[in-house]
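Read the structure below first, then the notes.
The values are calculated or read from the model by the stated rules, or taken from the named source; none is laboratory data. Being a predicted model, the structure only gives us computed values, none of them experimental. Glycine also receives a Cβ, built like all others from the backbone with ideal geometry; neighbour counts cover every protein chain displayed. Quick note on the areas: whole protein, heavy atoms, side chains included, nothing else; ligands and nucleic acids left out. Shrake-Rupley method; radii C 1.70, N 1.55, O 1.52, S 1.80 Å.
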Amino acid sequence: MTMHLHSPEFMTGNFIPFKYTCDGENLSPPLNWDGAPEGTQSFALIVNDRDAPDGKFAHWLIYNLPPDLREIPEGMGNREARSNGIQQGKNDFGQIGFGGPCPPEGTHRYFFKLYALDQMLDLGPGATREELQQAIEGHQLAAVELMGRYGKAEF
């Protein structure tokens, strides 16, 4: 079975709606997925701007999503941890939770990469991208990406 990641707000390769960006309401977009492999114990999501100067800029780190979960609602907020065990890390803006697309110039691509993992991660809230990637290593059962674009209007 192949995992699929979708958003009801944008298709892969299309523009991310304004309200999910730093210029809009800066809300995290709704996401849903299917096709998780057997043995999945948790999910993790990393949202990365690969067009940033160094080729990586983390906009959202969310992990220990329960294995029966198949969606993240719009506007997840910036709380480090939730009662169901979901935790959020520190993005490259230096904040917990989602930081919307915000390119300094031009149009950038934002990759929402969802990982199906064979365990819950032994990470506390507020983990960095490096800490999350290290914890994921060797525990991936599957991964899938959704890419959206955003560019600031030129005035």
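Per-residue extension of 0.36 nm, minus the Cα-Cα distance of Glu25 and Asp54, leaves a gain of 7.8 nm for this segment. Using the average count of surrounding beta-carbon atoms within 10 Å as a protection proxy, the listed peptides 97-107, 131-141 rank, highest first, as 97-107, 131-141. Can you give me the Cα centroid spacing of region 26-74 and region 78-113 in angstrom? Using only Cα atoms to place each centre, the spacing works out to 10 Å. Note on Met147: accessible area is roughly 40 Å² with a 1.4 Å probe, heavy atoms of protein only. Rolling a 1.4 angstrom probe over the chain with all protein chains present gives an accessible area of which 47% lies on carbon and sulfur atoms.
Which of Leu69, Leu114, Leu61 moves the most in a Gaussian network model of the chain with Cα springs under 10 Å? Most flexible of the set in this elastic network: Leu69. Scaling the Cα radius of gyration of the chain by the globular reference 2.2 N^0.38 Å produces a ratio of 0.98. On a per residue basis, the chain carries 50 Å² of accessible surface, using protein heavy atoms and a 1.4 Å probe.
Please compute one quarter of the surface area of the Cα convex hull for region 1-85 and express it in square nanometres.
Dividing the Cα hull surface by four gives the mean projection, 6.6 nm².
Could you tell me the calculated FRET efficiency between Gln41 and Gln95, based on Cβ-Cβ distance and R0 = 25 angstrom, to the nearest 0.05? Mind showing how you got there, number by number?
On the way: r = 28 Å, r/R0 = 1.11.
Taking R0 as 25 Å, the efficiency between Gln41 and Gln95 is 0.35.
Relative contact order of region 4-155: 30 percent, from C-alpha pairs under 8 Å at least 6 residues apart in sequence.
Remark: spin-label model distance Leu69-Gln134 equals 2.3 nm, labels positioned 7 Å along the Cα→Cβ axis.
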